[in-house]
Amino acid sequence: MTAWIVRRVLLASVITVAVVAGVFLLVNAVGDPAVATLGPNAGPEQIQDFKQKQGLDQPLVVQFGSYVGVLPCARPASPRHARGERCGLLQGDFGQSFSHDEPVGAVIAKRLPRTLLLGAVAMFFELLFGLGVGILAAVRRNTWLDTGLMSVAFLGISLPTFVTGPLFLAAFAFRYGWFPLGGYGVDFVDHLHHAILPALTLAILGAATYARVMRSELVDTLRSDFVRTAAAKGLPPRRVVGHAVRNALLPVVTLIGLSLPLLVAGAIITEKIFGWPGMGSLAIESIVNLDAPTVMGVVVVFAVTVQVGNLLADVAIAVLDPRVRLDRG
């Protein structure tokens, strides 16, 4: 088990580096960060001075090596450069934000907890409604309730966040006034109140997917020999269903890890719709401003989050299913 986890971590590291390298090339290909930061009225001397201080006049290979931290610091503006040290991800240095005029790490430290809160609330809604609807539909399979719940789940899969978000705002915030029109709030309770509507928007796709998968897996499990044997021995129906649910949860646990990329992608759109000042809004702002260090910092955080989520899902499956542990052993 330990050896498998080590191999999985190494693979995740390789994937993360590949993603960072690809985005690094794209960011440097779309425009000139110096012009975007200084404005169209900046003179050639100002642009050249900015590029020299930020190391943008160096070859891309040198810039990327410096950014990762495997080559000496190529940014004269960094204090590490004067000391002859390395500045990069391996040293915990995300660089200096062009548009915020502060370290990227400090900018991310302000925004990341907000996105984590929104993601946690969305995941709670996904599991609450998705598993609940899936279990209820499986227990009442082939009834009008099963058909209705699965029809709603199919509709949820078909609705993108850029459609449901504005509809939720128009209905529940603007017309009825149950939730704020946007923003983040001033204290934790207020944060939760502001997070409910965008979290529900994020959770629709995941909850619908969990419901369909849970219903399908639980129906198959309820037909298994061990379930029929348990029922024949007089085990109460609730306990029988409980044992079946545990076995049916394995694919859902996998989906939880795989749903992180969807939460990340959805957060970028949802945060912009609801004015939620998190990592998604930061990503859009940084792309518009060609703030390359901040864009890269957001990409690194998202890539690591996705890989960690997938790893935790694999470990959870091994914990829930002894057969997986034996196979990997």
Requested in this report: Can you confirm whether region 298-308 contains a residue that is within 20 Å of ILE157 (Cα to Cα), at pLDDT 85 or above and within 18 Å of the chain's Cα centre (by Cα)?
Outcome: no
Report summary line: Cβ pairs under 9 Å, 6+ apart or interchain, first in region 137-157 and closer than 21 Å to VAL241 by Cα, second in a helix (DSSP H, G or I) and among the hydroxyl-bearing types (Ser, Thr, Tyr), ordered by first then second residue, are ALA137/THR147; ALA138/SER216; ALA138/THR221
Requested in this report: List every residue pair whose Cβ atoms sit under 7 Å apart, with the two residues 6 or more apart in sequence or on different chains, where the first one lies in region 189-214 and is without any contact (Cβ under 8 Å) to a residue 40 or more places away in the chain and in the same structural domain as VAL121 (by TED's automatic domain parsing) and the second, anywhere, is among the β-branched types (Val, Ile, Thr) and surrounded by fewer than 24 Cβ atoms within 10 Å (Cβ to Cβ).
Outcome: none
Query raised in the report: What is the number of the single condition among (1) in contact (Cβ under 8 Å) with a residue 24 or more places away in the chain; (2) loosely packed, with under 15 Cβ neighbours inside 10 Å that GLY165 does not meet?
Result: (2)
Query raised in the report: Name the pairs: first residue in region 225-246 and assigned to a helix (DSSP H, G or I), second residue surrounded by 11 or more Cβ atoms within 10 Å (Cβ to Cβ) and not aliphatic (A, V, I, L, M), Cβ to Cβ under 6 Å, at least 6 apart or on different chains?
Result: ALA244/THR221
Report summary line: Scanning region 1-25 for residues that are modelled with pLDDT under 80 and loosely packed, with under 14 Cβ neighbours inside 10 Å gives MET1, THR2, ALA3
Query raised in the report: Can you find even one residue in region 26-36 that is closer than 23 Å to LEU282 by Cα, among the polar types (S, T, N, Q) and either out of contact with any Ser or Thr (no Cβ under 6 Å at 6 or more places or on another chain) or crowded, with 18+ Cβ neighbours inside 10 Å (or both)?
Result: yes
Query raised in the report: Does region 101-122 hold any residues that are surrounded by 19 or more Cβ atoms within 10 Å (Cβ to Cβ) and of a type in the set (A, V, I, L, M), and which are they?
Result: VAL104, VAL107, ILE108, LEU117, LEU118, VAL121, ALA122
Report task. Determine if region 51-71 includes at least one residue that is loosely packed, with under 14 Cβ neighbours inside 10 Å, out of contact with any Gly (no Cβ under 7 Å at 6 or more places or on another chain), over 18 Å from VAL295 (Cβ atoms) and in the same structural domain as ASP291 (by TED's automatic domain parsing). Result -> no
Query raised in the report: Can you find a residue in region 5-14 that is touching a Phe, Trp or Tyr at 6+ places or on another chain (Cβ under 8 Å) and free of Cβ contacts under 8 Å to residues at least 60 places away in the same chain?
Result: no
**Report entry** ILE108 being closer than 20 Å to THR201 by Cα and β-branched (Val, Ile, Thr)
**Finding:** no
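The values are calculated or read from the model by the stated rules, or taken from the named source; none is laboratory data. A quick note: this is a predicted structure, and the numbers were derived from the prediction, not measured. Backbone-built Cβ (ideal geometry, glycine too); neighbour counts: all protein chains shown.
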